[in-house]
Amino acid sequence: MLENKKFVAWANENIVVVVGHTETGHPTEIEDDKGKKTPGCPLYKGLTCEQHRALPGECRNPEDGLPKLESTNLMPNSWLVFPDGTVTQVESAVQQVPGKIEDLVAEKQKEIGKHLTWKKYTKYSETFATFDEALGADKLKDALKALKKVEKDTKKLPEGMVAEVDKRVDGLNKAAQEKLASIQDGEDEVAAKIKAANKLKNEVAARLKRGYLPVVEEIKDWVKRAKAGELDGDAAKSDEGS
């Protein structure tokens, strides 16, 4: 199973493989072609022998809040642990057949709801990092451009990822509102304020799947009133274009 390249590729995208094996009769170091030895298990790459020997006990006696796997005399035995905490034992006739494992996971995922492959999760996480960096540098246009790449897929995303999108939409809108307030409260003449507000509008005017950021309408409304001389302290109308 773990040497089946097609299954490994699928597993790397859809599940996290955890191997528990208490057997002690194999080397506990990996030896390369030149005879150099390094700590690690030659049977289960990425694990040390201490780790895979400890895992069965940890799975059957987990810390509070973690799913528990029941003891069984069947060897090997396989289990699927899903994000909602449910545990399903894989029948012996299924656990050595990659296609059946994939079907079992796919069926359960449909019950649980929306999910992401590891590749997509990584891509979205990188995009969030780009957004966070741009917002932190006060580059609102770049932040919005990055956010659009994830926000357009909102209806396809699990709840947790939707919450991450919503948080960033709100954060970007708040940053733009604070920038608008700074323009409004500044010492510049009305014409200069209008120019700065329109520049801000252009930075955040790209339309998301859900529509424009609320601040866009706020900017347009303020500029309209500023041109009409309706703002407190404005004695004259401005002829500045939008």
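We did not get these values from a lab; they are worked out from the coordinates using the rules stated. Since we're looking at a predicted model, the values are computed, not measured. Positions of Cβ are backbone-derived with ideal geometry, glycine not excepted, and every protein chain shown enters the neighbour counts.
Given N residues in the range 1-108, what is Rg(Cα) / (2.2 N^0.38 Å)? Please list the in-between numbers first.
Values: Rg = 15.3 Å, N = 108, 2.2 N^0.38 = 13.0 Å.
Cα-based Rg divided by the globular estimate yields 1.17.
Dividing the convex hull volume of the Cα atoms of the range 70-167 by its residue count, what figure in Å³ per residue is obtained?
Details: hull volume 12.0 nm³, N = 98.
Output value, Cα hull per residue: 123 Å³.
Pairing the Cα long axis of helix 98-112 with the longest principal axis of the chain, what angle in degrees results, from 0 to 90 and rounded to the nearest 10?
40
Return, ordered by residue number, the residues of the range 14-32 whose backbone nitrogen is under 18 Å from a label point located 7 Å along Cα→Cβ of residue 72.
Backbone N within reach: 16-23.
Might you report the magnitude of the Cβ-based charge dipole of the chain about its Cα centre, with Lys and Arg at +1 and Asp and Glu at -1, to the nearest 20 debye?
Working: 40 positive and 43 negative charges, 200 e Å.
For the chain, the charge dipole is close to 960 debye.
With the Cα gyration tensor of the range 74-117 in hand, give its eigenvalues times 5 under a square root as the equivalent ellipsoid semi-axes, listed largest first in whole angstrom.
Details: eigenvalues 79, 30, 10 Å².
That gives 20, 12, 7 Å for the three semi-axes.
Could you state, as a whole-number percent, how many of the C-alpha pairs of the chain are farther apart than 34 Å?
Working: 13386 of 29161 pairs.
In whole percent, the long-distance tail amounts to 46.
For the chain, what does the helix formula give at 222 nm: sum of -39500 (n - 2.57) over DSSP H segments with n ≥ 4, over the residue count, nearest 500 deg cm²/dmol?
-16500 deg cm²/dmol
Put +1 on the Cβ of every Lys and Arg and -1 on every Asp and Glu Cβ in the chain; which of 150, 165, 15 then has its Cα farthest towards the positive end of the dipole?
150
Describe numerically, in nm with one decimal, the distance between label points set 7 Å from Cα along Cα→Cβ at residue 88 and at residue 191.
7.0
Sort largest first and round to whole Å: the equivalent ellipsoid semi-axes of the range 118-227, each the square root of five times a Cα gyration tensor eigenvalue.
30, 13, 10
Of 115, 83, 99, whose Cα points farthest to the positive end of the dipole of the range 83-125 (charges on the beta-carbon: +1 Lys, Arg; -1 Asp, Glu; origin at the Cα centre)?
My answer, from the dipole projection, is 115.
Quote the FRET efficiency, to the nearest 0.05, computed for residue 181 versus residue 79 with a Förster distance R0 of 41 Å and r equal to the Cβ-Cβ distance. Spell out each step's value before the answer.
On the way: r = 55 Å, r/R0 = 1.34.
Efficiency at R0 = 41 Å is approximately 0.15.
Quick one: putting +1 on the C-beta of Lys and Arg, -1 on the C-beta of Asp and Glu, what dipole do you get for the range 5-112 around its Cα centre, in Debye to the nearest 20? Before the final figure, lay out the partial values.
Working: 12 positive and 17 negative charges, 63 e Å.
The calculated dipole for the range 5-112 is roughly 300 debye.
Is there a pair in 167/193; 119/179; 6/100; 100/149 whose C-alpha atoms are over 24 Å apart, and which pairs would that be?
On the way: 167/193 29 Å; 119/179 36 Å; 6/100 13 Å; 100/149 34 Å.
In this structure, 167/193; 119/179; 100/149 exceed 24 Å between Cα atoms.
Using a basic spin-label model with each label point 7 Å from the Cα along Cα→Cβ, how many nm lie between residue 217 and residue 133?
The two pseudo-label positions are separated by 3.4 nm.
Which aspartates and glutamates does residue 114 reach when only Cα atoms under 13 Å apart count, and residues fewer than 8 places away in its own chain are ignored?
84, 153, 159
Please give the helix 159-184 orientation as an angle from the longest Cα principal axis of the chain, in degrees from 0 to 90, rounded to the nearest 10.
Computed tilt is about 20 degrees.
Once you put a point 7 Å from the Cα of residue 16 and another 7 Å from the Cα of residue 97, both along the Cβ direction, what distance in nm separates them?
2.9
Please state the charge dipole magnitude for the range 118-227, taken about the Cα centre, from unit charges on C-beta atoms (+1 on K and R, -1 on D and E), reported in debye and rounded to the nearest 20. Could you put the intermediate results ahead of the total?
Working: 26 positive and 20 negative charges, 152 e Å.
For this selection, approximately 740 debye.
Using only alpha carbon pairs under 8 Å that are at least six residues apart, calculate the relative contact order of the range 96-242 and give it in whole percent.
Working: 116 pairs, mean separation 26.8, N = 147.
Normalised by residue count, the contact order of the range 96-242 is 18 percent.
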